[in-house]
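For reference, the structure discussed in these notes is given below.
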Amino acid sequence: MNYTAHHHQTHASAFLGAPPVFPPPLAPPAFLSTAVADADADADADRRRRPPREREVQEWMPVFQHSLLMEMELSMSQTTKGIWLAKAHNIEPCTLVMDLEGTDGRERGEDDTAFEKQSALFALAVSDIVLINMWCHDIGREQAANKPLLKTVFQVMMRLFSPRKTTLLFVIRDKSKTPLENLEPILREDIQKIWDGVPKPHAHKETPLSEFFNVEVVALSSYEEKEELFKEQVSSLRDRFQHSIAPGGLAGDRRGVVPASGFSFSSQQFWKVIKENKDLDLPAHKVMVATVRCEEIGNEKIASFTADEEWQQFEEAVQNDYVPGFGKKISNLLERCLSEYDMEAVYFDEGVRTSKRHQLESKLLQLVNPAYQNLLDHLRTRTLEAFKESFDKSLEKEGFAVAARDCTKAFLEKFDKGSEDAAIQQVKWDPSKIKDKLKRDIEAHVASVRAKKLSELCAKYEGQLTKALAEPVEALLDSASEETWPAIRKLLQRETKSAVSGFESAMASFELDEVTQKELLSKLESHGRSVVESKAKEEAARVLIRMKDRFSTLFSRDADSMPRVWTGKEDIKAITKTARSASMKLLSTMAAIRLDEDGDNIENTLSLALVDTARPGTTDRSIQSFDPLASSSWERVPEEKTLITPVQCKSLWRQFKAETEYTVTQAIAAQEANKRNNNWLPPPWALAAMAILGFNEFMTLLKNPLYLGVIFVVFLVGKAMWVQLDIAKEFQNGFLPAVLSLSTKFVPTIMNILKRLADEGQRPAAPERQREMELQPKSTRNGSHSNVTSAGSSSITSSESGPEYSSPIAH
């Protein structure tokens, strides 16, 4: 560090000594006092009366070369206590030299190295140049090269102080035949590794070594082997301190220059900060050795454990399945490994040995833990599978809740026994997480089975309810009367009550909570309503077909369900109105769902708008001011319960009337045809003319009764011919076909009648009654009739009373 006072430059340098156990190092703290004392034995008395240490430090540079010669004769004892400071002689600019204790002196002992670290950090903090004395053969070695010391000092320095440039001058003693060009890169690499491995504050994460330190390396030959060369190299090294602060000098790029008057205060503050820092309380040498060696032993034991064939077999077996006796066998392997560690580390520091034993045990347990977890996973899986199998069997014998409770308890206890068998003596691992997972898996399986069973149960009773409701509801809707929906409500209530009762009894074994039971029962009740609603919607979609069927049934059949014969006496208008009213009632029944006893006026609205042709006081529907069906909803009927809207009803009715109009027209035509065919008498005027013009003939018949007998015989023959030829039936097919047919049958019929008369004349006379009984079946047979479909759309029925017409719809 530079200090300026009255234009005089002040330069500080620090020297770190080397451990005394190595060959003679460059250690200014060691040789200054002794070398100066031996070289200046004949100096003046004034100098001899000064304190020896002050004289030596102030004048070490003039005798630098000579002091190195005398160092070989000195003992390896520590000669510097604390930190000494003096002005260098004949060095420009003014240079202060700080003399520190050696870093490994025996006087402080192995257990008191904190001051060495504190003094080293102090030297780095206040000095511009720090000389570090090293033996050539220490390069690359951990402890001898002061690597732990530098590592700790670097780390603390970055945390305590702001960056400043310090020159680290490594003096390599007793250089061997290895060229300095080969040694320097190794040393620089070691320093860089120390720097890279030091934990740094966030602000200096990426700060390079060159930002804090300027590393220089020099080498000195062996004094014993090359004395003259050694002296030349020492003299050359001394010259490098001349004008060291000039550009290109040893401290040419230093930073943080403060006045020399502030040196004392600054040094005190540096020392105070260093003393208060606890990171410099580094372990003793024996602790370091014990740490390194115990770590090595621990690593060997870990490697031995992982390579152990028995452990490898266990590790492989645990990957596939549960291994009984795992805990006891692994505990024995761990105990054997730890016992071997104890035997090999018994002579090392107890604290370190115990600490490293704990670390070894922890690492071994980390190796074992995955196998332990796999084992518990296999145990959980096996327990769960066994639970599922046992639970399914228990359901066949016990109720659901009882079986679930007993099986869960039994298999959780079984898991506890298995986890106890897997427990390792060296550690108390808690298997509760795996057990909790097993409990969750068991609960999930129980819940899944419960849901499945309840679903099957629900499906069973829903199926029964569907079967009990579907067909009866369809039949009731088809009847479409005022009692349809009350009957459906009664049916729904009865069947739902029966299904709910059975379902509630079946659910008792599940021991469900009240809320769940209510939800399931409510779901079943809702299903019953949905069945009815679904059936009502299906029937509503076919309402037009149902209406036409209803109309056809009532219009074409009488009260006895017999086909209606249009004889001309029926009131077709009244029958049509009745059939349409019934169809309208069916439409009103299907227009809305009425599972709740809420009144509505749908039927009245439809009757008024569709069936009644005119309202009281209204003679023309075209002048009506209001159409009750011109709406998309029914009054007092919610939208969700509406099956057919008023507008749709109006459209359906219009289509219904159009498709049934033909049936009514055909009936009217058949009735008129029947009236024409039954009218055999001539017109009244013809009867009057016949009476007037035939009066003479009538009087002639009265005067000659023989004519009456002839007329009677002709009547009987004509009647027989009429019956035998079935003339009425023949003329139903048309006039021309009837004439052709009768012409072919006339002669055979006459011959047949004459033959029968001849046969009758040859028979003995029989009682008149017997003769009548013989002729009656024949007459009846000849008087039977049959229906023949004409070219039109009507049927003609012949009988003794005359032809009758029937509608083709009756077929």
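The rows are residues; the columns are (1) touching a residue at least 24 places away in the same chain (Cβ under 8 Å); (2) assigned by the TED database to the domain that holds Ile644; (3) under 56 Å from the mean Cα position of the chain (by Cα).
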site: Leu476; (1), (2), (3): no, no, yes
site: Ser481; (1), (2), (3): yes, no, yes
site: Leu491; (1), (2), (3): no, no, yes
site: Glu514; (1), (2), (3): no, no, yes
site: Ala559; (1), (2), (3): no, yes, no
site: Asp571; (1), (2), (3): no, yes, no
site: Lys585; (1), (2), (3): yes, yes, yes
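Among all residues of region 431-438, there is none that is touching a residue at least 24 places away in the same chain (Cβ under 8 Å), in a helix (DSSP H, G or I), in contact with a Pro (Cβ under 6 Å, 6 or more places away or on another chain) and under 15 Å from Gln373 (Cβ atoms).
Inside region 539-552, residues that are assigned to a helix (DSSP H, G or I) and loosely packed, with under 14 Cβ neighbours inside 10 Å make up a count of 2.
Could you tell me whether Pro748 is at pLDDT below 75 and open to solvent by 70 Å² or more (accessible area, probe 1.4 Å)? Answer is no for this residue. Residues in region 326-352 that are assigned to a helix (DSSP H, G or I) and among the β-branched types (Val, Ile, Thr) were compared, and the one that is farthest from Ile424 (Cα to Cα) is Val352.
Restricting to region 568-604, name every residue that is out of contact with any Lys or Arg (no Cβ under 8 Å at 6 or more places or on another chain), assigned to a loop (DSSP other than H, G, I, E, B) and open to solvent by less than 40 Å² (accessible area, probe 1.4 Å). Ala591, the sole residue that qualifies.
Here is a yes/no grid of residues against (1) farther than 23 Å from Met547 by Cβ; (2) open to solvent by less than 40 Å² (accessible area, probe 1.4 Å):
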site: Ser479; (1), (2): no, no
site: Glu482; (1), (2): no, no
site: Ala487; (1), (2): no, yes
site: Arg494; (1), (2): yes, no
site: Ser509; (1), (2): yes, no
site: Leu512; (1), (2): yes, yes
site: Val515; (1), (2): yes, no
site: Leu521; (1), (2): yes, yes
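Being open to solvent by 80 Å² or more (accessible area, probe 1.4 Å), more than 30 Å from Lys523 (Cα to Cα) and in contact with a helix residue (DSSP H, G or I) (Cβ under 7 Å, 6 or more places away or on another chain) is a condition met by no residue of region 368-381. In contact (Cβ under 8 Å) with a residue 24 or more places away in the chain, in the same structural domain as Met158 (by the TED database), of a type in the set (Gly, Ala, Ser) and in a loop (DSSP other than H, G, I, E, B), is that true of Ser235? So Ser235 does not fit the description; no.
The values are calculated or read from the model by the stated rules, or taken from the named source; none is laboratory data. This structure is a prediction, so every number in the text was calculated from the model and none was measured. Using ideal geometry, Cβ is built from the backbone for each residue, glycine included, and neighbour counts are taken over all protein chains shown. All accessible areas refer to the heavy atoms of the entire protein, side chains included, with ligands and DNA or RNA removed. Shrake-Rupley method; radii C 1.70, N 1.55, O 1.52, S 1.80 Å.
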